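Quick notes on the structure that follows.
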Amino acid sequence: MTKVLTIGAATQDIIIKCPKGTDLSLINNSLVYTAFKQGSKIEIEELLCVQGGGATNSAVSLSKQGFNVKSFFKVGNDQTGKTLIQALEKKGITVNHVVCNQKPTGTSFIVPSDKDRIIFTYRGANTTIDYKELPESIFEGLSGLYITSLSGESSESLVHIIHRARKKDTDQTLKVAVNPGASQLTYTACSLKAALHQIDILILNSDEMKLFMNKLKPRFFCSTGKGIVKEGPPLLTQTVSHEKISFTFYEYCKELLDYGVKRIVVTDGKQGVYVATKDHVFFHPALPVKVVNTVGAGDAFGSTFFGNLLHHNSLETAIRKGIINACSVILHYDAQSGLLTQQELEQQLKLLDTSLLQKFSWP
């Protein structure tokens, strides 16, 4: 069975479900906020305590796709951490290298709303991952390495983790996918930049793309407009502006491809997802489903896309199955209940309109 290792965050997700009809939305200048009146008391319909975090979400997803999955993360020396480890063991995921820390287990408080969700995150032990804590044996026999958000001091370990994994890859078949967090795209972007030539798949959302491009380009970089198409999805028909730079999606992808990244994924929320290679960019719109909670949708797409490429499926199939799994996840309140098995993905793939996937050639 193909071996895959996931590394990154593990959290306890506390999901706060308000009764139907509770409206916490406030619209100001076309932006939607979740607002709480000071001094108010809001009744809660249900409180869900579930496992979350990029490393565990992707581990469960890849396990359901038929992989032999190991996961490395850090939790506190507390009951929350023990419960999280036990839950993953029951799902057949190897967690014997997980490290317990004096800092408490990371915890997220999630408030779903009609438009999206608000997350209050305490990263805790997740900020203390050190590449030296990973034993050499954990990298042996791997076909895939999937690294999710490394926050705080942990972000400095990215380039070292990938380097150690590559050293163990004696047959040169290891595929590496990275889905970094916001701090890795700003404060410690140099570490991610140094690792780009060893990354096969880089996965960001559209906001994170702006943050990272701002670090890759000169302060006043101005787009040439190259790569814009007359008709197509939003990111391909306009320039993107962020702080003091502007760029096209083509210029962003060209930059990363020049660094050595093989495939570039940009998720764009309710718009859909873009996947770029050196020759083409693919776009698949999000499927029209009723959104319950968007937590974990990005993890579902990224891990499913990665897993299907490891299964030697086509790029188009990997994109379609990623979309299917992401849409299944957002029908649930938590990040893991909606994850589909490979057989379920195959069944739903047969029902998907193949014409939804668009393909564009680079200029």
Margin query: Suppose we filter V229, V292, V240 for residues that are among the aliphatic types (A, V, I, L, M), over 23 Å from Q358 (Cβ atoms) and surrounded by fewer than 19 Cβ atoms within 10 Å (Cβ to Cβ); which single one remains?
Written below: V292
Note to self: Restricting to the stretch 278-308, count the residues that are within 24 Å of T2 (Cβ to Cβ) and hydroxyl-bearing (S, T, Y).
What the structure shows: 2
Check: Does T304 count as touching a strand residue (DSSP E or B) at 6+ places or on another chain (Cβ under 9 Å) and at pLDDT 95 or above?
Finding: no
Checklist line | Qualifying helices (runs of 4 or more DSSP H) (wholly inside the stretch 99-217; at least 1 residues being touching a strand residue (DSSP E or B) at 6+ places or on another chain (Cβ under 7 Å) and surrounded by fewer than 20 Cβ atoms within 10 Å (Cβ to Cβ)) | finding: 206-216
Next item on the list: Please indicate, with yes or no, whether at least one residue in the stretch 83-91 is out of contact with any Leu (no Cβ under 7 Å at 6 or more places or on another chain), closer than 30 Å to E344 by Cβ, part of a loop (DSSP other than H, G, I, E, B) and of a type outside the set (K, R).
Entry: no
Margin query: So E156 ticks every box in (1) within 18 Å of G302 (Cβ to Cβ); (2) touching a helix residue (DSSP H, G or I) at 6+ places or on another chain (Cβ under 6 Å); (3) charged (D, E, K, R) but one. Which box is left unticked?
Written below: (1)
Note to self: Quick test for you: out of V265, V291, pick the one residue that is of a type outside the set (G, A, S) and under 23 Å from L351 (Cβ atoms).
What the structure shows: V291
Notebook entry, point to check: Does S71 count as crowded, with 19+ Cβ neighbours inside 10 Å, out of contact with any Pro (no Cβ under 6 Å at 6 or more places or on another chain), among the hydroxyl-bearing types (S, T, Y) and in contact (Cβ under 8 Å) with a residue 40 or more places away in the chain?
Noted result: yes
Check: Quick one: what pairs do we get from the stretch 311-338, first residue more than 15 Å from Q65 (Cα to Cα), second basic (K, R) and not in a helix (DSSP H, G or I), C-beta under 8 Å, 6+ apart or different chains?
Finding: L315/R263; L331/K290; Y333/K17
Note to self: Among the residues of the stretch 331-341, are any farther than 29 Å from S108 by Cα and either out of contact with any strand residue (DSSP E or B) (no Cβ under 6 Å at 6 or more places or on another chain) or aliphatic (A, V, I, L, M) (or both)?
What the structure shows: no
Check: Of the residues T248, T267, which single one is at pLDDT 95 or above, in contact with a strand residue (DSSP E or B) (Cβ under 6 Å, 6 or more places away or on another chain) and among the polar types (S, T, N, Q)?
Finding: T267
Check: When the stretch 230-256 is examined, which residues are found to be farther than 22 Å from A286 by Cα, in contact with a Ser or Thr (Cβ under 8 Å, 6 or more places away or on another chain) and assigned to a helix (DSSP H, G or I)?
Finding: E251
Notebook entry, point to check: of a type outside the set (D, E, K, R), out of contact with any strand residue (DSSP E or B) (no Cβ under 6 Å at 6 or more places or on another chain), under 30 Å from L310 (Cβ atoms) and at pLDDT 95 or above: does that describe G66?
Noted result: yes
Checklist line | Residues of the stretch 318-363 that turn out to be closer than 22 Å to A10 by Cα and polar (S, T, N, Q), as a count | finding: 5
Note to self: With the structure loaded, tell me whether T224 is surrounded by fewer than 21 Cβ atoms within 10 Å (Cβ to Cβ) and in contact with a strand residue (DSSP E or B) (Cβ under 7 Å, 6 or more places away or on another chain) or whether it fails that test.
What the structure shows: no
Next item on the list: Could you tell me whether the stretch 46-57 includes any residue that is within 26 Å of L339 (Cβ to Cβ), among the polar types (S, T, N, Q), modelled with pLDDT of 85 or more and part of a loop (DSSP other than H, G, I, E, B)?
Entry: no
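The values are calculated or read from the model by the stated rules, or taken from the named source; none is laboratory data. Given the structure is predicted, the values throughout are model-derived calculations rather than measurements. Please note: Cβ atoms are built from the backbone with ideal geometry, for glycine as well, and neighbour counts cover all protein chains shown.
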